1. Of everything in the range 38-74, what is at pLDDT below 95 and among the hydrophobic types (A, V, I, L, M, F, W, C)? Give them in sequence order.
2. Six or more apart or on different chains, Cβ atoms under 6 Å: show the pairs whose first residue is in the range 85-107 and more than 21 Å from GLN44 (Cα to Cα) and whose second is part of a helix (DSSP H, G or I).
3. Mind listing whichever residues of the range 120-150 are under 21 Å from GLN85 (Cβ atoms) and either touching a Cys at 6+ places or on another chain (Cβ under 7 Å) or open to solvent by less than 50 Å² (accessible area, probe 1.4 Å) (or both)?
4. Determine, yes or no, whether LEU75 is under 29 Å from SER140 (Cα atoms) and in contact (Cβ under 8 Å) with a residue 24 or more places away in the chain.
5. Could you list all residues from the range 157-181 that are in a helix (DSSP H, G or I) and open to solvent by less than 70 Å² (accessible area, probe 1.4 Å)?
6. Which of (1) within 22 Å of TYR160 (Cβ to Cβ); (2) assigned to a helix (DSSP H, G or I) does ARG105 not meet, given it meets every other one?
Amino acid sequence: MASYYGLALAALQLGDSATAADAAQKARRSSQAPSPMLDKLVAQTRFAAARNDAERAEAVALAREATVRFPLSRLTAMNYVDLLQRNEQHDLAVAFLRDQLALSRSDPRLYELLARSYERLGKRTLQHQAAAELYLLVGSVPAAIDQLDKARRAADADFYTMSEVDARLRQLNQQLREHREQLAREGRTPPPDEDKRGRR
């Protein structure tokens, strides 16, 4: 199994997708236990080797089946989203990512992928809203506020979404003001991006 797995990875990196797909399938057949890692590799190599839309759809379906077999596996979830996006199935990617975010909102990668699919769908408010949550998770409130400003200016979402954007923007601006006031009381200077945001 290990030999076939290594061969599949090497062939994939060299662009020999047919050899990669064959070796990945042999690696999975050689394994005695279910493996999200092997399922990911099989779907990935099958997608790379696909010659038409039907074969690409089959590879995406394999990735989807892996998420059902391993519902807690981040590896299979990310692989499924990756193949959906590469296959330009962004509506399905958004639906799946929103389900994942309903389980956990602490993974910035999910918001990054969500923003990417919204961008490809031309949904700019939702794209910037997702990007704002990404920036919050990595600790940049000013960047999150900037994204929400862009979301509000795009104004291409429904009333409920725009209300969410406005409420989140008010919350973060208040949070940033309180943070700057705390720094001022302590005699410290805010970072340049925070200072610029505070003067806007």
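1. Scanning the range 38-74 gives a single hit, LEU72.
2. LEU101/LEU110
3. Within the range 120-150, GLY122, THR125, LEU126, GLN127, HIS128, GLN129, ALA130, ALA131, ALA132, GLU133, LEU134, GLN147 qualify.
4. Working: under 29 Å from SER140 (Cα atoms): yes; in contact (Cβ under 8 Å) with a residue 24 or more places away in the chain: yes.
Yes; evaluated as a whole, the condition is true for this residue.
5. Result: THR161, MET162, SER163, VAL165, ASP166, ALA167, ARG168, LEU169, LEU172, ASN173, LEU176, ARG180.
6. (2) is the only condition that ARG105 fails.
Results for (1) assigned to a helix (DSSP H, G or I); (2) in contact with an Asp or Glu (Cβ under 6 Å, 6 or more places away or on another chain); (3) under 30 Å from VAL141 (Cβ atoms), shown as yes or no for each residue.
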| position | (1), (2), (3) |
| --- | --- |
| PRO34 | no, no, no |
| PHE47 | yes, no, no |
| THR67 | yes, no, no |
| ASP82 | yes, no, yes |
| LEU92 | yes, no, no |
| PHE96 | yes, no, yes |
| GLN100 | yes, no, yes |
| LEU113 | yes, no, yes |
| THR125 | yes, yes, yes |
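The values are calculated or read from the model by the stated rules, or taken from the named source; none is laboratory data. Keep in mind that what you see is a predicted model, and the values were worked out from it rather than measured. Neighbour counts run over all protein chains shown; Cβ positions are idealised from the backbone, glycine included. The area values use the complete protein model at the heavy-atom level, side chains included, leaving out ligands, DNA and RNA. Shrake-Rupley method; radii C 1.70, N 1.55, O 1.52, S 1.80 Å.
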